[in-house]
Amino acid sequence: MKKTLVASSLAAVVLGAAIVPLISLAGGSFYVDSGTGFVGIGNTTPAAPLDVAGAMYSRLVTASSTSIDWNQGNVQEMTLTSSPTLTFGNPQAGGEYKLILNQDSTGGRTVTWPASVKWVSGTAPTLTTTANSTDLISFVFDGSSYLGIYALDYNPPSVGDITFDTATDCGGSLSCTVETSGTDRALIAFVHGSVGIDITPTCDYDGTSMTLVDKVETPSDRWMYGFLLINPSLGSHTLACSDGVTLYTASYDGVQQSSQPDNHATNSDSPATFLSTSYTVDNSGSWIIQNAYSSGGTVSPGSGYTARGDNVDSGQIFDSDGGVTSGGTTVSFDNDASTSLSQIIISLIPAPAE
């Protein structure tokens, strides 16, 4: 038995009476067994007419028109901006082909298939028409017809909407009664320290420890801390923190009960009458909650934000009052005096829609 290694760009191998030209691959990894005629790519002992050691794949091609040319690639992708009539060309008998169909941001698009396509039980797929949705259609060409099957709706699961529950200013105390309600709950607490005093607070609600998410030292040498508790006990219970001088809280319903928060950040500036922070939301539909602090003025919500509860003017909680699209956004607040400003930002992911 003779094995031939093709190490040049072009070679000829004698197989019986036939002379077969071969193109070598980089690294000299293309072999022919002259006894069987089997071809090996990446191995010297081909056990089948074509034996490949390693990965094989078809490059993804973006279809440039509604006339799909399979010579361009076995896997093609198209974004539907209308409801086209498709045509297929250049198939090979036994060829397997895949077409990925994406709806555009408008959605509602449909497709008219070539007459040569046959479906299981004669029923063509009803495409997912939700904006930005994805369907996968697969074909085998039998020499005259395309035998089609499909897998529909590769959208991520839809999410519900977070709702604001309640906010509480603990009145300068580090222990107060907080009431939570609803389902899929989350409780956020913000603790502020005294000027010039470093604090390391811990907080618990109904005996359950809250998780420290972020902290910031203000330009006026005062520390702010942000805490989060997922699934706090339902009803009225005591929220208590170990250190600091003021405590502000807010609770929300419809919050995903794991992998929280979505993101978090802090910012400070002095002197200023406006504080703006570039912030990234990782999950669409997440709510942004911020604790805004002024060392001497009265804070008010920036564009797109809502003040919550009866928190004191210098330490107000604001939120986005609705889900935010994933990506970059701006979180801001205003101040009526040119004093130092600081903020802690926490975003929460909504629970999956039921």
Name every residue in segment 241-260 that is more than 12 Å from Ala351 (Cα to Cα) and within 25 Å of the chain's Cα centre (by Cα), in order of residue number.
Ser251
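Please verify whether segment 10-18 includes one or more residues that are modelled with pLDDT of 50 or more, part of a strand (DSSP E or B) and surrounded by fewer than 15 Cβ atoms within 10 Å (Cβ to Cβ). Let's see the steps before the verdict.
Looking only at segment 10-18, we keep the residues that are modelled with pLDDT of 50 or more, and these are none.
The answer is no; no qualifying residue exists.
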Read through the list (1) free of Cβ contacts under 8 Å to residues at least 12 places away in the same chain; (2) under 17 Å from Asp135 (Cβ atoms), then give the number of the only condition that Ser64 fails.
(2)
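This table checks each residue for (1) more than 21 Å from Ser242 (Cβ to Cβ); (2) touching a helix residue (DSSP H, G or I) at 6+ places or on another chain (Cβ under 6 Å); (3) modelled with pLDDT under 95; (4) not aromatic (Phe, Trp, Tyr).
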site	(1), (2), (3), (4)
Thr130	yes, no, yes, yes
Ser138	yes, no, no, yes
Gly148	yes, no, no, yes
Asp161	yes, no, yes, yes
Cys170	no, no, yes, yes
Ser173	no, no, yes, yes
Gly182	yes, no, yes, yes
Leu187	no, no, no, yes
Ser194	no, no, yes, yes
Does Thr325 satisfy the condition of being in the same structural domain as Ser194 (by TED's automatic domain parsing), in contact (Cβ under 8 Å) with a residue 60 or more places away in the chain and polar (S, T, N, Q)?
no
Filter result for the condition that a residue is on the phi > 0 side of the Ramachandran plot and buried (at least 21 other Cβ atoms within 10 Å of the Cβ), over Gly235, Gly226, Gly254
Gly254
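State yes or no: is Tyr305 over 17 Å from Val213 (Cα atoms), crowded, with 18+ Cβ neighbours inside 10 Å and not small (Gly, Ala, Ser)? So that I can check it myself, show each step before the final result.
Numbers: over 17 Å from Val213 (Cα atoms): yes; crowded, with 18+ Cβ neighbours inside 10 Å: yes; not small (Gly, Ala, Ser): yes.
So Tyr305 passes the test.
If I filter segment 212-243 down to residues being assigned to a loop (DSSP other than H, G, I, E, B) and out of contact with any Ser or Thr (no Cβ under 8 Å at 6 or more places or on another chain), which single residue comes out as modelled with the highest pLDDT?
Looking at the filtered set, the residue picked out is Asn231.
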For segment 106-211, please list each of the strands (runs of 3 or more DSSP E) lying entirely inside it that holds at least 1 residues being within 24 Å of the chain's Cα centre (by Cα) and surrounded by fewer than 18 Cβ atoms within 10 Å (Cβ to Cβ).
134-141, 146-151, 163-169
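Taking Ser278, is it among the hydroxyl-bearing types (Ser, Thr, Tyr) and either closer than 25 Å to Val195 by Cβ or touching a Leu at 6+ places or on another chain (Cβ under 6 Å) (or both)? Walk me through how you get there before you give the answer.
Details: among the hydroxyl-bearing types (Ser, Thr, Tyr): yes; either closer than 25 Å to Val195 by Cβ or touching a Leu at 6+ places or on another chain (Cβ under 6 Å) (or both): no.
The answer is no for Ser278.
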Out of Ile68, Ile41, report the one residue that is modelled with pLDDT of 90 or more and either more than 17 Å from Asp104 (Cβ to Cβ) or not assigned by TED's automatic domain parsing to the domain that holds Asp104 (or both).
Ile68
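Can you say whether Ala55 is touching a residue at least 12 places away in the same chain (Cβ under 8 Å) and farther than 18 Å from Pro125 by Cα, as far as the supplied structure shows? Can you show your working first?
On the way: touching a residue at least 12 places away in the same chain (Cβ under 8 Å): no; farther than 18 Å from Pro125 by Cα: yes.
So Ala55 does not fit the description; no.
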Are any of the residues in segment 266-280 within 16 Å of Phe164 (Cβ to Cβ), more than 19 Å from the chain's Cα centre (by Cα) and surrounded by 24 or more Cβ atoms within 10 Å (Cβ to Cβ)?
no
When Ala93 is run through (1) part of a loop (DSSP other than H, G, I, E, B); (2) in contact with a Gly (Cβ under 8 Å, 6 or more places away or on another chain); (3) outside the structural domain of Thr134 (by TED's automatic domain parsing), the failure sits at (3)
Of the conditions (1) polar (S, T, N, Q); (2) modelled with pLDDT under 80; (3) assigned by TED's automatic domain parsing to the domain that holds Thr81, Ser24 clears all except one; give me its number.
(3)
Do we have any residue at all in segment 336-343 that's at pLDDT 90 or above and either on the phi > 0 side of the Ramachandran plot or surrounded by fewer than 23 Cβ atoms within 10 Å (Cβ to Cβ) (or both)?
no
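The values are calculated or read from the model by the stated rules, or taken from the named source; none is laboratory data. These numbers come from a predicted model, not from an experiment. Cβ sites come from the backbone with ideal geometry, for glycine too, and all protein chains shown count toward neighbours.
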